[in-house]
């Protein structure tokens with residue numbers, strides 16, 4: 001795997017940013033760029049100088065000749081690319097494949113970014129007619145969760161505090177400063193009850209992972225492979241108004257159940273997870289939707305430290321979308337890169353999850369659970 | 001399979017257009033929308049009212065819950081979606097999957113369409129600096145082919161005449177009128193030697209194909225399945241200036257050789273083909289790149305009628321991109337739909353290719369051979 005520094009990356013163009021992840025991923029894989037038969041790229045693309053970037057990045061990184069595709073599933077584009085490349089290898093058509101996520105979002109103005117993100121849902125009806133921006137979507141979820149389960153603004157703030165604490169330990173993270181509950185509660189209201197520090201930042205960044213079949217990995221003499229055990233995929237309605245409930249994301253439930261079933265494991269077997277915390281409420285809902293706790297118990301998990309290192313199941317100990325950042329098409333690939341390091345016990349001890357089953361879970365959603373992707377990794 | 005009428009489809013929105021293909025494809029498949037576990041959508045999206053359309057189309061067509069992705073590989077986006085869904089089924093993760101192509105291109109102005117298409121290549125350098133629009137790219141190919149092999153403007157015109165003749169027999173085609181060599185030669189020069197009638201039109205349209213595993217197809221009692229035998233994928237440089245030659249597309253050569261090898265066939269075994277004739281010269285090069293004849297013999301094939309019904313290997317007897325039209329993300333899926341009908345001998349006798357081996361080939365490129373996808377089908 002390879003992973004760029006996240007943040008404002010106006011110092012590089014899109015291809016250079018992708019190279020920062022692709023180059024180290026290839027170096028560690030014992031494969032050269034010329035030997036890679038297939039690259040799946042996760043990228044929204046629309047806001048960068050290259051809206052159709054796969055071939056441009058491939059040329060820049062020496063991958064010309066490989067089969068190429070760009071995958072888009074809104075904020076789950078990186079996982080969609082991973083599913084595509086994984087399927088190509090698992091089906092026996094490719095013996096290896098490169099998954100790349102890359103996004104430059106900071107070069108255009110914030111209202112345009114917000115509008116494009118809004119199009120991940122049912123833009124025409126809900127965004128254009130009702131002014132439902134993405135923070136407002138998640139505020140609907142937060143309000144219902146608070147009303148039904150007693151989740152508080154302080155509980156949500158605790159998610160941000162935890163993720164900033166781990167972001168401060170991750171030299172690749174966008175936001176590396178610790179924050180306090182007071183700072184979150186006193187920050188500007190974006191869409192009540194969500195405040196500035198309940199929201200992930202707008203970030204540039206890239207990540208890459210090399211996949212190989214078991215046979216190819218053996219041929220290459222890979223000493224310590226991490227295996228994709230299963231991927232689950234699902235979706236939900238485009239219109240939020242057609243959902244039956246707002247206290248969770250059905251696509252996360254369905255995708256995770258599919259992944260657990262195919263991997264033959266239960267949530268209890270997971271040693272470490274990355275979940276899609278685009279807003280703090282999203283992390284609380286993810287605990288529940290993924291079966292880490294019962295519905296309504298998510299806030300208790302964070303209050304009791306169950307998702308910290310040393311707790312029952314450490315979550316987003318890389319900083320999460322909240323502090324590491326969320327370059328849209330990159331996020332799903334960044335999760336696989338982080339969990340690979342976690343499974344190999346290669347991260348700083350202060351944010352290394354203890355391994356019991358050497359099993360990890362990545363949860364990546366697009367839109368407000370419009371797209372759901374869950375990946376189970378095992379070493 | 002299902003297939004909308006191609007043309008100016010300002011009468012419907014993007015979801016309605018997709019529905020016109022999805023609905024009949026499901027009806028013929030014995031599956032309901034709710035039973036489809038995965039949909040891969042081929043769409044550029046950028047020029048329509050829905051730049052992130054997968055979830056919106058899924059909701060409109062009753063597919064909510066299925067795993068979703070949009071695939072983009074410029075003008076080969078439809079084939080990229082097919083490869084994604086095919087890999088998901090072939091890998092055993094899905095027992096069925098829906099491949100959809102949809103594009104509405106006519107609702108925005110032509111300069112913007114040309115600019116976006118230009119971004120399929122190395123926009124910043126070649127389009128912005130040198131004014132190399134896509135017709136100009138293909139004109140470079142045509143000029144070199146003419147210089148090296150003696151291909152003439154009349155030869156290129158014959159491709160257009162052939163494809164318009166078949167387009168006139170296809171009630172779903174965008175351009176259904178026959179044309180003459182004189183009409184082509186006297187039409188406006190777009191980028192010499194390419195004239196208006198050497199170029200495919202800008203078209204709206206949709207197509208859909210349901211894939212299933214062998215086991216699932218048997219369970220469903222599908223009487224006359226058409227099998228995907230293999231798919232080949234490849235790419236070439238983003239910069240045209242980095243190519244070694246302009247008389248062919250290396251990505252087509254590589255992708256077709258991969259597909260032939262995996263299917264265990266040779267070009268001689270192909271009964272009927274659809275090739276990516278975005279410009280007439282592209283069809284001539286495709287004959288050669290796919291091994292239907294030697295390099296430099298493409299023009300002879302069209303002069304001698306070898307690629308007409310009754311000839312050695314009928315090509316684009318649905319009208320091709322040239323007359324049927326080229327709604328970008330739809331084209332690859334439309335090819336699979338057309339070849340399925342050809343293999344089942346369900347098209348009008350006047351444009352039905354005679355079947356010997358019941359083997360068909362679809363050739364779909366993105367950009368100027370930036371992306372190459374070749375699919376082998378067999379009944």
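The values are calculated or read from the model by the stated rules, or taken from the named source; none is laboratory data. Since we're looking at a predicted model, the values are computed, not measured. No Cβ is skipped: glycine too gets one built from the backbone with ideal geometry, and neighbour counts run over all protein chains shown.
Test each condition in (1) in contact with a helix residue (DSSP H, G or I) (Cβ under 7 Å, 6 or more places away or on another chain); (2) within 28 Å of residue A:21 (Cβ to Cβ); (3) in a helix (DSSP H, G or I); (4) modelled with pLDDT of 95 or more for residue A:165 and report the one that comes out false.
(1)
Within the stretch B:329-366, count every residue that is under 20 Å from residue B:104 (Cβ atoms) and more than 8 Å from the chain's Cα centre (by Cα). Break it down stepwise before answering.
Our first condition is that a residue be under 20 Å from residue B:104 (Cβ atoms); within the stretch B:329-366, this holds for B:329-335, B:337, B:364, B:366.
When the remaining residues are screened for being more than 8 Å from the chain's Cα centre (by Cα), the result is B:329, B:337, B:366.
Residues in the stretch B:329-366 being under 20 Å from residue B:104 (Cβ atoms) and more than 8 Å from the chain's Cα centre (by Cα): 3 in total.
Just need a number here: residues in the stretch A:347-379 that are part of a strand (DSSP E or B) and away from chain B (no Cβ under 14 Å).
Taking the stretch A:347-379 as the starting set, the residues that turn out to be part of a strand (DSSP E or B) are A:359-366, A:371-378.
Cutting the leftovers down to away from chain B (no Cβ under 14 Å) gives us A:359-363, A:377-378.
Residues meeting the conditions: 7.
Among the candidates B:319, B:291, B:296, single out the residue that is at positive phi, modelled with pLDDT of 95 or more, away from chain A (no Cβ under 14 Å) and crowded, with 19+ Cβ neighbours inside 10 Å. First the steps, then the outcome.
Numbers: B:291 fails: crowded, with 19+ Cβ neighbours inside 10 Å; B:296 fails: crowded, with 19+ Cβ neighbours inside 10 Å.
Checking each option against the conditions leaves just B:319.
Exactly one of these conditions fails for residue B:209: (1) in a helix (DSSP H, G or I); (2) outside the structural domain of residue B:249 (by TED's automatic domain parsing); (3) buried (at least 22 other Cβ atoms within 10 Å of the Cβ). Give me its number.
(1)
To keep it simple, each residue is scored yes or no on (1) buried (at least 18 other Cβ atoms within 10 Å of the Cβ); (2) modelled with pLDDT of 95 or more; (3) in a strand (DSSP E or B).
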| position | (1), (2), (3) |
| --- | --- |
| B:223 | no, no, no |
| B:234 | yes, yes, yes |
| B:246 | yes, yes, no |
| B:260 | yes, yes, no |
| B:277 | yes, yes, no |
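One residue is enough: does the stretch B:290-307 have a residue meeting the conditions under 19 Å from residue B:120 (Cβ atoms), assigned by TED's automatic domain parsing to the domain that holds residue B:172 and outside any loop (DSSP other than H, G, I, E, B)? Break it down into steps so the answer makes sense when it comes.
To start, the set of residues in the stretch B:290-307 that are under 19 Å from residue B:120 (Cβ atoms) comprises none.
Looking for residues that are under 19 Å from residue B:120 (Cβ atoms), assigned by TED's automatic domain parsing to the domain that holds residue B:172 and outside any loop (DSSP other than H, G, I, E, B), one finds none in the stretch B:290-307, hence no.
When you look at residue B:101, is it surrounded by 24 or more Cβ atoms within 10 Å (Cβ to Cβ), assigned by TED's automatic domain parsing to the domain that holds residue B:232 and under 25 Å from residue A:39 (Cβ atoms), yes or no?
On the way: surrounded by 24 or more Cβ atoms within 10 Å (Cβ to Cβ): yes; assigned by TED's automatic domain parsing to the domain that holds residue B:232: no; under 25 Å from residue A:39 (Cβ atoms): yes.
Here the answer is no, as residue B:101 does not meet what is asked.
The rows are residues; the columns are (1) buried (at least 24 other Cβ atoms within 10 Å of the Cβ); (2) without any contact (Cβ under 8 Å) to a residue 24 or more places away in the chain; (3) assigned by TED's automatic domain parsing to the domain that holds residue B:371; (4) touching a helix residue (DSSP H, G or I) at 6+ places or on another chain (Cβ under 7 Å).
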position: B:85; (1), (2), (3), (4): yes, no, no, no
position: B:88; (1), (2), (3), (4): yes, no, no, yes
position: B:115; (1), (2), (3), (4): no, yes, yes, no
position: B:129; (1), (2), (3), (4): no, yes, yes, no
position: B:135; (1), (2), (3), (4): no, no, yes, no
position: B:142; (1), (2), (3), (4): yes, no, yes, yes
position: B:159; (1), (2), (3), (4): yes, no, yes, yes
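Residue B:223: free of Cβ contacts under 8 Å to residues at least 40 places away in the same chain and either more than 14 Å from every other protein chain (Cβ to nearest Cβ) or closer than 25 Å to residue B:306 by Cα (or both), yes or no?
When the stated conditions are applied, residue B:223 passes them.
If a residue counts only when it is at the interface with chain B (Cβ under 7 Å from one of its Cβ atoms), which helices (runs of 4 or more DSSP H) contained entirely in the stretch A:51-131 have at least 2 such residues? Outline the logic, then answer.
Values: elements: A:54-60, A:77-90, A:110-118.
Filter on the stretch A:51-131 gives A:54-60, A:77-90.
Considering only residues of the stretch B:32-50 that are part of a loop (DSSP other than H, G, I, E, B) and surrounded by fewer than 18 Cβ atoms within 10 Å (Cβ to Cβ), which is farthest from the other protein chains (Cβ to nearest Cβ)?
Kept after step one, since they are part of a loop (DSSP other than H, G, I, E, B), are these residues of the stretch B:32-50: B:32, B:36-37, B:43-50.
Now drop any that are not surrounded by fewer than 18 Cβ atoms within 10 Å (Cβ to Cβ), which leaves B:32, B:49.
Values: B:32: 16, B:49: 7 Å.
Step by step, filter the stretch B:32-50, then rank; the result is B:32.
Among (1) facing chain A (nearest Cβ under 9 Å); (2) surrounded by fewer than 24 Cβ atoms within 10 Å (Cβ to Cβ); (3) within 22 Å of the chain's Cα centre (by Cα), there is one condition residue B:26 misses while meeting the rest; what is its number?
Checking residue B:26 against (1) facing chain A (nearest Cβ under 9 Å); (2) surrounded by fewer than 24 Cβ atoms within 10 Å (Cβ to Cβ); (3) within 22 Å of the chain's Cα centre (by Cα), the one that fails is (1).
Among the listed residues B:144, B:177, which satisfies the condition of being in a loop (DSSP other than H, G, I, E, B) and modelled with pLDDT of 95 or more?
From the options B:144, B:177, the qualifying one is B:177.
When the stretch B:1-23 is examined, which residues are found to be part of a helix (DSSP H, G or I), over 21 Å from residue A:125 (Cβ atoms) and in contact (Cβ under 8 Å) with a residue 60 or more places away in the chain? Give the steps one after another, and end with the answer.
Our first condition is that a residue be part of a helix (DSSP H, G or I); within the stretch B:1-23, this holds for B:14-23.
Filter once more, keeping what is over 21 Å from residue A:125 (Cβ atoms): B:20-21, B:23.
Answer for the stretch B:1-23, where residues must be part of a helix (DSSP H, G or I), over 21 Å from residue A:125 (Cβ atoms) and in contact (Cβ under 8 Å) with a residue 60 or more places away in the chain: B:20, B:21.
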